[in-house]
Amino acid sequence: MSKPAQTQSKQKFGVYMKKYWQLYAMLFLPLLYLLIFKYVPMVYVQIAFKKYSLMGSIWTQPLAKNHGFEYFIKAFQNNDFRYALKNTLTLNLLDLIFGFPAPIIFALILNELCFVRYKKVVQTIAYMPHFLSWVIIYSLALQLLAPNAGLVNMVIQNLGGEAIPFLNDEAHWVGSYIGFGIWQNFGWGSIVYLAAIAGINPELYEAASVDGAGRFRKIWHITLPGIKPTIVVLLIMSLGNILGGGFDRPFAFQNNLVMRVADVIATFVYRVGIKGLQFSLTTAVGLFQSVVGVFFLLMANWISRKLGERGIW
C-alpha cells in the first residue's frame, strides 16, 4: 500500500473512532469482566494435569501420571461420574426435545391473540416463573406433588387413586424435573421469537389472506420460515450446552432416593471437588465437559451451514 493510501486510511480510522468512541468505551467494562472472570481462570486448567495440592504454588505442582492424563482416566473409571455423565446427557436431551419447542409454540400462540390487554396479561404471567429461584420452585413442587399433602396427590386420592411419589421415584422424578424446567423458561424464552415475528413484513400476511390462506397456513408458510434463522441459532447454542446445564436446578430437585437419575456433572463436581477436595479430578471433568461442549457447538454450526442455514459465525 502506498504512503498516501496509508495516510488516508489512518485519517478515516481516526474520524471513525472520533465519531463512535463512546460505543467502544462502553465495551471496556464487559471486556474487562471477560478477561478477569473468563480468560484469567483458564490458567488453572493445568490443575487437571497435575497432582494438585492447596499447599504450594500451582506452577511447582508435579505432573500427574500417564503424561498428565491420570485424572481423566480416573474420572471414566469412577462409577459416579459415569452415572452423572449419562444423566447429564439424558436430562439435557429431554430438555432439548420437550423444552426447546415450548417457547416457539407459545410465541406463535401469543402472536395470534388479537385482544392486546389479554395478551399482555398472559405474557406477564408466563414471564414471572423465570424470576423465581429454583429453591422457591422446588418448594412449590413440594406443595403440589408431595406424596401425602401435595395438592395433586390429594386430588388423585379423592378420585380413588393412589398417591404418586413424583419427587421420590426415579421414573416420575425425571418427568417432574423436565416439566418444571419448561414451566420456568418457556415464557421468557418466547421473547426472542416474538421479536423475530415482529420483524416479519405484515404485507406477507395480507397477501396470504387475499389468496385465501387460513391461520395455520400463514404460520407454516410465513411465520415459521421468518423465524427459522433465530430458531437455528438458538438450537446451535443449545446443542453446545448439551453437557452443560446449571447447578441450581438439579441440586434443588435431587434427593437420596433419586440420586441414580438426578446426579449430573455439576453436582458431581460440587460433591467430589468442593466437598471432597479432589480438585484435579473435578478440573479434569470440567475440562472434558467444556471440550465436548465446544465440539457439539462447532458440529451443529457446521451442519447448519452445510444445510444452507445461517450459523452463529
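No lab work stands behind these numbers, since they all come straight from the coordinates. Quick caveat, the model's predicted, so the values are computed rather than measured. Note that we place each Cβ from the backbone using ideal geometry, even for glycine, and neighbour counts take in every protein chain shown.
Observations
- Given (1) out of contact with any helix residue (DSSP H, G or I) (no Cβ under 6 Å at 6 or more places or on another chain); (2) more than 13 Å from ASN241 (Cα to Cα); (3) part of a helix (DSSP H, G or I), index of the condition VAL285 fails: (1)
- Helices (runs of 4 or more DSSP H) wholly inside region 13-99 that include at least 2 residues being of a type in the set (Val, Ile, Thr) and surrounded by 10 or more Cβ atoms within 10 Å (Cβ to Cβ): 79-94
- Across region 122-173, the qualifying residues are those that are within 26 Å of the chain's Cα centre (by Cα) and not in a helix (DSSP H, G or I), and the one among them that is nearest to ASP248 (Cα to Cα) is SER133.
Matching residues to (1) in contact (Cβ under 8 Å) with a residue 60 or more places away in the chain; (2) more than 18 Å from THR90 (Cα to Cα); (3) of a type in the set (Ser, Thr, Tyr):
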site	(1), (2), (3)
LYS218	no, yes, no
ILE227	yes, yes, no
MET237	yes, no, no
ILE242	yes, no, no
ALA262	yes, no, no
ILE265	yes, no, no
THR283	yes, yes, yes
PHE296	no, no, no
ASN301	yes, yes, no
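- Filter pass, PHE251 being more than 22 Å from TYR44 (Cβ to Cβ), of a type in the set (Phe, Trp, Tyr) and over 23 Å from the mean Cα position of the chain (by Cα): no
- Pairs linking a residue in region 200-212 that is free of Cβ contacts under 8 Å to residues at least 12 places away in the same chain to a residue that is surrounded by 10 or more Cβ atoms within 10 Å (Cβ to Cβ) and not aromatic (Phe, Trp, Tyr), with Cβ atoms under 8 Å and 6 or more positions apart or on different chains, are SER209/LYS218.
- Residue match in region 281-294 (condition: at negative phi, touching a strand residue (DSSP E or B) at 6+ places or on another chain (Cβ under 8 Å) and buried (at least 16 other Cβ atoms within 10 Å of the Cβ)): no
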